[in-house]
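A.B. asks: Please read through the structure below; I'll follow up with questions.
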């Protein structure tokens with residue numbers, strides 16, 4: 001233990017020793033990025049027959065599947081069914097990829113996806129996904145009278161609506 005002289009009081013006081021640094025702390029100091037515990041790795045497969053559809057945005061649906069007992073060498077396809085407009089589209093897929101994005105689809109519609117075999121220009125469904133509904137791609141034209149716009153919000157909203165339609169919204173009871 002060393003001593004340091006206090007110049008103002010003209011006396012000495014002890015300097016405490018620095019605590020020993022543990023090896024784990026040294027490794028953490030050497031790393032440039034902070035350590036993040038991400039837990040165990042996820043399994044690549046759960047050996048379950050599944051086909052799920054998820055909405056990504058108003059014009060895109062993400063689909064993923066797992067079918068462990070399937071023959072991957074056959075011709076597989078996805079059929080997307082627009083339940084609202086009664087339209088279908090079939091897309092050949094590489095089965096081993098196990099996921100697909102349907103982009104550029106109409107907004108504000110209900111969809112269902114089927115995974116099946118595509119042979120001799122005929123689709124034979126094997127699995128069907130859950131039903132999903134894409135949201136609107138434009139702001140709602142309805143305004144709740146219990147939650148009226150402030151004048152600033154009304155101006156922003158009308159600017160958005162003018163880009164989509166030609167009829168601006170009028171508010172009968174603005175917030176004071």
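The values are calculated or read from the model by the stated rules, or taken from the named source; none is laboratory data. Computed from a predicted model, the values in this text were never measured in an experiment. All Cβ positions, even for glycine, are placed from backbone atoms using ideal geometry, and neighbour counts span all protein chains on display.
A.B. asks: What is the number of the single condition among (1) at pLDDT 95 or above; (2) under 19 Å from residue 72 (Cβ atoms) that residue 97 does not meet?
C.D. replies: It is condition (1) that residue 97 fails.
A.B. asks: Would you confirm, using the coordinates I've provided, whether residue 100 is in contact with a helix residue (DSSP H, G or I) (Cβ under 8 Å, 6 or more places away or on another chain) and surrounded by 12 or more Cβ atoms within 10 Å (Cβ to Cβ)?
C.D. replies: Taking the combined requirement at face value, the residue does not satisfy it.
A.B. asks: Touching a helix residue (DSSP H, G or I) at 6+ places or on another chain (Cβ under 9 Å), on the phi < 0 side of the Ramachandran plot and surrounded by fewer than 11 Cβ atoms within 10 Å (Cβ to Cβ): is that true of residue 48 in this structure?
C.D. replies: Considered against the rule, which asks whether it is touching a helix residue (DSSP H, G or I) at 6+ places or on another chain (Cβ under 9 Å), on the phi < 0 side of the Ramachandran plot and surrounded by fewer than 11 Cβ atoms within 10 Å (Cβ to Cβ), residue 48 comes out as no.
A.B. asks: Anything in the range 114-152 that is more than 24 Å from residue 75 (Cα to Cα) and in contact with a helix residue (DSSP H, G or I) (Cβ under 9 Å, 6 or more places away or on another chain)? List them, or say none.
C.D. replies: The answer is 138, 139, 141, 143, 148, 149.
A.B. asks: Just checking: which of the strands (runs of 3 or more DSSP E) contained wholly in the range 86-129 hold 1 or more residues that are free of Cβ contacts under 8 Å to residues at least 12 places away in the same chain? Steps first, please.
C.D. replies: On the way: elements: 87-93, 99-103, 110-119, 122-128.
Filter on the range 86-129 gives 87-93, 122-128.
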